[in-house]
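The values are calculated or read from the model by the stated rules, or taken from the named source; none is laboratory data. Predicted model, so just to flag it, every value in this text is computed and none were measured. Positions of Cβ are generated from backbone atoms using ideal geometry, with glycine treated the same way; all protein chains shown enter the neighbour counts. Surface accessibility is based on the protein's heavy atoms, side chains included, excluding ligands, DNA and RNA. Shrake-Rupley method; radii C 1.70, N 1.55, O 1.52, S 1.80 Å.
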Amino acid sequence: MNEYVLKTSQLSKKYQNKMALDQVNLAIKEGSIYGFIGQNGAGKSTLIRLIAGLAFPTAGTFELFGVGHEPELHEARKRIGTIIEGPALYPNMTAAENLEAHRLLKGIPGKECVEKTLALVGLQDTEKKKAKNFSLGMKQRLGLAIALLGDPEFLILDEPINGLDPMGVVEIRELLKKLNQEYGITILISSHILSELHLLATHYGIIHNGELLEQLTAQELNEKSQHYLHIKVDNPEKCASIIESKLATNNFEVMPNGVIKLFGFVDVPGKVSQALTNEGLVIEQFMPMGEDLEAYFTKRIGGVHHG
Amino acid sequence: MGNLLKTEWYKLRKDRSFWVLLLILFGFAVFYPLLINPDALPTGNDFYRGHILSINTDIIRLFPAILAGFFISSEYSLGTMKSIASSGNSRIRLYFAKLTIFSIGSAIIMLVLPIFMLGASLIYFGFNLMPDWPFFLQTIGLIALYAVAFASIMAFFSTILTDSGKSIAFLILFIALGGSLLEYIGSKISFLEPLILHSIFMTQPSILLIDQVGQWSGEDVVTYIVVPIVTFIVFGILGSLLYRKKEIK
């Protein structure tokens, strides 16, 4: 039994003069939910396309379920389900017909799985409605249903919650958690909605300009995230001045909404609150907090990049 | 391979463009004979040749180009080709499953007029219009064979172009003008002339005249039967090799 469902070694892909992937060494453990994070054009989809067999590496290798060469790779790919760059649907077919086409493609015996999978993603009542008339959220669910056909052991989902309404996001999150926890399905998920990924992923990979900057577990992320005191007072300018003079630090940030993030005093909040109240400030909010995934990611890639 | 053929057959049955084309052809087959003047009808082989086969050979042979655009190229533009290619099946098998079912679809399109228009005409004008059975059966067989050969060329270019609109426009022009173009090339490059003269572009119109050929010589057999088969095999292999190396976007 392989500990890793996917392992890449120096995997590279070059398009004309641009390195879309540059010597990526990535490993996804069996049973994990791997959040794949990166900006547009960072190389997320390129890596997914290589794994799915839609494109071919320029250099390097990868192993899927422990195998790295054709024709064994074909068999390994039968154990995965994918959504790549959005759901791929036949617009003039109903949801059930779309699933039937993919059931035949995957050679899955028995038609029962079609109804079962539709029910799993909440599309059992769409009946004769054509996929072209679906909302974006329904299309995403149908794409997920197609990926789930045949009970895959490894799901590769590229932006699966794009276009879903808030309830839909929660439902898909719970479904993915259930698939992971109850059925042991390993999931690779890329998403721009980092707050959502934060609620789901057990592992993260951060990719930037084709390079895998870091892989870490959710626990490691938590430990690495900078913790701070979130302070909101009636007079932020005065508060900043007091922190500098009384606490002798300039390791803080004044946010545009007047909130102050004070780093380095999480363990001694009493000392901070006392210093502020002694100077007559009214404290409106005061709590210890940790940086979220978005802040960590932004910091890791070196700030906000435009264009 | 069986499941791939079933998949493609299922998709062809659900393909709207396929049914629209069949409906148009069926409507034409049923209603067009009503416009023919019954007092000036040739009989037998001449009616079949002049009023049915000629339309089929000149115009209807372009129709599979529309099916190619929707049945093959649209898989790329819709993104469904990504699901197909990542399904864990070999690319060669995937290509030949698609090509096989597209060829069947093309053959069905090409056979609507010879069968249903002839049937309608017999009902309207009497059974003395029935061509000789050997001539009728030979044309049916050859029409299907040529449809399959042209289908392999269309599938090849649809795989290159990957866009429904571009594929349809290119294929219609290519199939319509290919014969003239090849004829011109043959006149300029003499060593290609025998190859061009025996290509499916040049030999397809001869289907109309099979009954005038008399007993088939060995060369006729090669020209009418072997050439379309070789064309199908060559373009099938070329297309599958192209698809095998193709990066799917």
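Computed over Cα pairs, the Kirkwood radius of the stretch A:132-224 leads via Stokes-Einstein (0.890 mPa s, 25 °C) to a diffusion coefficient of 171 µm² per second. Enter the angle in degrees (range 0 to 90, nearest 10) between the Cα long axis of helix B:91-112 and the first principal axis of the Cα atoms of chain B, meaning the one along which they spread out most. With both axes taken from Cα atoms, the answer is about 20 degrees.
Restricting the calculation to Cα atoms, every distinct pair contributes to the Kirkwood radius of the protein assembly as shown, found to be 27.9 Å. Which net charge results for the neighbourhood of A:His69, defined as the other residues with beta-carbon distances under 13 angstrom from its beta-carbon, given Lys and Arg at +1 and Asp and Glu at -1? Neighbour charge sum, excluding A:His69 itself: -3. Counting other C-beta atoms within 10 Å, and keeping those with at most 12, which DSSP coil GluC sites (Glu not before Pro) do you find in the stretch A:55-133? Here the sparse-neighbourhood loop sites are A:Glu127.
Report, for the protein assembly as shown, the % of DSSP beta bridges that are antiparallel, rounded to 5. Taking every DSSP beta bridge within the protein assembly as shown, about 65 percent pair in antiparallel fashion. Estimate the FRET efficiency between B:Leu195 and A:Asp151 by the formula 1/(1 + (r/R0)^6), using the beta-carbon distance for r and 60 Å for R0, to the nearest 0.05. For R0 = 60 Å, the calculated efficiency reads 0.70.
What you get for the protein assembly as shown, charging only the Cβ of Lys and Arg (+1) and of Asp and Glu (-1), is a dipole of about 340 debye around the Cα centre. What is chain A by shape, rounded, prolate or oblate, if you read a ≥ b ≥ c off the alpha carbon gyration tensor as root eigenvalues and call it rounded for a/c under 1.5, prolate for a/b larger than b/c, and oblate otherwise? Prolate, because a/c is 1.5 or more and a/b exceeds b/c.
Per residue, the accessible area of the stretch B:2-245 comes to 44 Å² when a 1.4 Å probe rolls over the protein heavy atoms. The Cβ shell under 15 Å around A:Glu159 holds other residues with a net charge of +3, Lys and Arg each +1, Asp and Glu each -1.
In a DSSP loop and with at most 14 other Cβ atoms within 10 Å, the chymotrypsin sites (Phe, Trp or Tyr not before Pro) in the stretch B:153-224 are B:Trp216. Surface composition of chain A: carbon plus sulfur atoms hold 49% of the accessible area, using a 1.4 angstrom probe and ignoring ligands, DNA and RNA. Taking amide H atoms as placed 1.01 Å from N in the peptide plane, the amide H of A:Glu211 lies under 5 Å from those of A:Asp22, each 5 or more residues away in sequence or on another chain. Looking at chain A, the DSSP beta bridges with both ends there are about 65 percent antiparallel.
The A-B contact accounts for roughly 2500 square angstrom of buried accessible surface, both chains included, probe 1.4 angstrom.
Against the main long axis of the alpha-carbon atoms of chain B, helix B:16-31 sits at an angle near 0°.
Counting only alpha carbon atoms, the long axis of helix A:136-148 and the longest principal axis of chain A meet at about 60°. Rolling a 1.4 Å probe over the protein chains gives B:Met110 an accessible area of about 10 Å². Comparing B:Lys98, B:Lys82, B:Lys188 in a Gaussian network model of chain B (Cα springs below 10 Å), the most mobile by mean-square fluctuation is B:Lys188.
B:Gly69 sits among other residues whose Cβ lies under 12 Å from its own Cβ, and their net charge, with Lys and Arg +1 and Asp and Glu -1, is -2. Computed over protein heavy atoms with a 1.4 Å probe, the accessible surface of chain A works out to 47 Å² per residue. The length gained by stretching the chain between B:Asp163 and B:Glu219 to full extension, at 0.36 nm per residue less their Cα-Cα distance, is 16.2 nm. Looking at the stretch A:102-241 alone, DSSP beta bridges between its own residues are antiparallel in about 55 percent of cases. In whole percent, and with a 1.4 Å probe on the protein chains, what portion of the accessible area of the stretch B:2-245 is carbon and sulfur? So the carbon and sulfur contribution to the accessible surface is 70 percent. What is the distance in Å between the Cα centres of the stretch A:182-215 and the stretch B:132-207? Using only Cα atoms to place each centre, the spacing works out to 51 Å. Comparing A:Ile146, A:Ile206, A:Ile243 in a Gaussian network model of chain A where C-alpha atoms under 10 Å apart are linked, the largest mean-square fluctuation is found at A:Ile243.
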